[in-house]
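Throughout, read-outs are computed from the coordinates displayed, never taken from laboratory work. This structure is a prediction, so every number in the text was calculated from the model and none was measured. With ideal geometry, Cβ positions are generated from the backbone for all residues, glycine too; neighbour counts draw on all protein chains shown.
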């Protein structure tokens with residue numbers, strides 16, 4: 001290899017070698033410090049909402065969302081757009097379900113997560129969407 005190609009290959013090799021030396025010098029002191037400093041005790045990571053919901057279903061505290069959707073679809077035309085589970089006080093769980101009707105009206109359901117009873121329905125076209 002001759003000319004400009006050889007020079008660029010040599011320059012690249014020299015750059016890599018210098019970067020390797022710098023990286024080794026930066027890592028070595030950090031490893032020594034890390035070995036000398038004790039690590040804190042592991043921290044309990046908070047559960048996500050989905051984890052809490054799955055655990056509540058597993059423990060039999062609430063019904064699964066598919067059961068709630070079945071209850072709504074048995075009484076109203078349309079389909080689910082979204083859902084949220086929240087704990088209202090101690091051991092009182094509520095699903096809030098967003099629903100779209102065939103006429104494109106959006107309804108909001110509040111449903112008891114423990115027995116699938118519809119507590120409240122809000123939105124224009126609720127009466128027309130009822131089966």
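Here are the numbers for the structure shown:
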quantity: Length gained when the stretch residue 50-residue 122 is fully extended (0.36 nm per residue, less Cα-Cα span); calculated: 23.4 nm
quantity: Estimated distance in nm for a label pair at residue 105 and residue 84, the labels positioned 7 Å out from Cα along Cα-to-Cβ; calculated: 2.3
quantity: Pair residue 58, residue 98: separation of 7 Å Cα→Cβ label points (nm); calculated: 2.9
